[in-house]
Amino acid sequence: MKNVLVTGGAGFIGSNFIHYLQRTEPDVFIVNLDALTYAANPDNLCDLLDPNRYMFIAGSICDSELVDSIFFKYSIEVVVHFAAESHVDRSIHSPGQFVQTNIVGTFALLEAARQAWLVHRTVPPERARFHHVSTDEVYGSLGPGDAPFSEMTPYAPNSPYAASKASSDHLVRAYYHTYGLPVTITNCSNNYGPFQFPEKLIPLMILNALSGRSLPIYGDGKQIRDWLYVEDHCEAIWRVIERGRPGETYNIGGNNQPTNIQIVKEVCALLDALAADSGHAPHDKLCRSVADRPGHDRRYAMDISKICKDLGWVPKESLCSGLQKTVRWYLNHPNWVEKIADRPEYRSWLQKNYHTREAK
Ligand code: NAD
Ligand code: DAU
């Protein structure tokens, strides 16, 4: 058995990754360390394929004592580090928590890995890997004619979220160069798919549209993102862990460039077809332009030629097929949706982030 520590495995990508590993890697035992913040959802993991190859630990990556003990107790060989505060808008309201979790927490994990692997030699060095899951937002914003971000693009983070992720990337890189810790980093574009918390664009629009609430488009809605179906991201991460070179960074993306308004219209069209009886079709009549996100990055685009060429990874889903799967998933999981929509924390977040915007 290979013992893999997944951090943040009760969140969106982490839980998809755990399902992916259980399906594809029969010799992996997963330890999931998650602090169960507002973004976590234990329901995401309730129907695991093989619960005998899975262990959940409730706790924070910032708790060095706990993290140290996990490395020794479970002879951790691989770390897949997802745990983070991940929402840009929340980082604008409350940046302090992003510094704690994303920077201090990553530091605690790196130190634990260094002590266990390089000082105490808990596992053979060639089997150890620290994989850090990061974002394209560290590279900043592109103009309309700019070339996509490559692994050589200088960092220029614009939001507190992006700055905290950039900072954690630098720490990870430094642990490779200074101590020889076997690390890899991936910088990925916007994910979407099952289990995504409905504070992010696509699930927020699905939930709002189904209940007849307005669809808040920040600014002119012409901002551009690259979108990747979450299972493609999971496959890419495991490919990098298995075949990527220690010390290297790999960009991951879906090779598409829609504007936000195009994404929202596509979601609405899918809902018109798949949920025609919602009582709110045509759903795009609910679109409203609202006050923009401060410091809003205009465009992201990813050059993914390195991971394609060196590791033979390409995304399997197109934006069209991925969006269709995603909308169907939310329609087929009304209990999952209702439980989140009823949480007081979720309702107060909507009030905090959208009330003043809509008043403008
Ligand atoms: P998410 O917000 O859905 O989940 C984050 C998880 O981390 C939650 O389960 C939460 O409880 C946990 N967590 C938070 N603080 C913790 C702490 N101190 N200790 C332990 N667990 C803690 O996030 P996501 O969208 O799944 O993103 C996962 C990772 O991928 C993040 O590092 C994010 O920066 C990165 N990423 C996300 C995207 C995207 O589009 N969602 C794209 C590229 C990279
Ligand atoms: O690019 C990768 C990043 O993608 C990840 O690192 C982040 O963790 C993830 O949250 C995501 O960040 P974004 O800010 O791009 O995602 P979000 O879904 O919040 O917003 C996508 C776009 O939609 C962005 O341009 C802002 C816009 N938007 C978002 C919301 C929530 C709206 O117009 N209205 C909204 O209500």
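A short reminder: the numbers here are calculations on the coordinates, not readings from a lab. As the structure is a computational prediction, the values presented were derived from the model and not from experiment. Note that each Cβ is placed from the backbone with ideal geometry, even for glycine, and that neighbours are counted across all protein chains shown.
Largest GNM mean-square fluctuation among N332, N44, N102, using the chain with Cα springs under 10 Å: N332. In the structure shown, the pairs K165/K309; K73/K309; K73/K200; K222/K316; K200/K285 are assessed against 28 Å; a Cα-Cα span above that value is assigned to K73/K309; K73/K200. The H on the amide N of N190, modeled in the peptide plane, is under 5 Å from the matching H of D226, L228, each at least 5 residues off or on a different chain.
Treat the count of other C-beta atoms within 10 Å as a stand-in for reagent exposure and order M55, M152, M302 from fewest to most.
Numbers: M55 15, M152 8, M302 25.
Fewest to most other Cβ atoms nearby, the residues stand as M152, M55, M302.
Ordering W336, W117 from the fewest to the most neighbouring beta carbons within 10 Å gives W336, W117.
In whole angstrom, the range 133-196 maps to an equivalent ellipsoid with semi-axes of 22, 16, 12, each derived as √(5λ) from the alpha carbon gyration tensor and ordered largest first.
When the inverse distances between all different Cα atoms of the range 175-318 are averaged and flipped, the Kirkwood radius reads 17.0 angstrom.
With a/c under 1.5 counting as rounded, go ahead and sort the range 79-168 into rounded, prolate or oblate using the C-alpha gyration tensor (a ≥ b ≥ c being the square roots of the eigenvalues; past the cut-off, prolate if a/b is larger than b/c, else oblate). Don't jump to the answer; show the numbers that get you there.
On the way: a/c = 3.41, a/b = 1.61, b/c = 2.12.
In terms of gyration-tensor shape, oblate.
Rg over Rh for the chain works out to 0.95, using Cα positions for both radii and the Kirkwood form for Rh. Comparing L350, L311, L286 in a Gaussian network model of the chain, where Cα atoms under 10 Å apart are tied by springs, the biggest mean-square fluctuation is seen for L350. Between the alpha-carbon centres of the range 97-138 and the range 236-273 there is a gap of 24 Å. Counted over the range 2-60 with a bin width of 5 Å, the fraction of Cα pairs per bin, in whole percents, is 5, 21, 36, 25, 10, 3, 0. Using a Gaussian network model of the chain with C-alpha springs under 10 Å, which one of E151, E266, E345 is most mobile by mean-square fluctuation? With Cα springs under 10 Å in the chain, the top fluctuation among E151, E266, E345 is at E345. Using the alpha-carbon centroid of each, what span in Å lies between the range 307-355 and the range 282-297? Computed from Cα coordinates, the inter-centre distance equals 18 Å.
I need H333, H131 ordered by Cβ neighbour count within 10 Å, fewest first.
Working: H333 14, H131 22.
By the 10 Å Cβ count, ascending: H333, H131.
Extension gain, L49-R245: 0.36 nm per intervening residue step, less the Cα-Cα distance, totals 67.5 nm.
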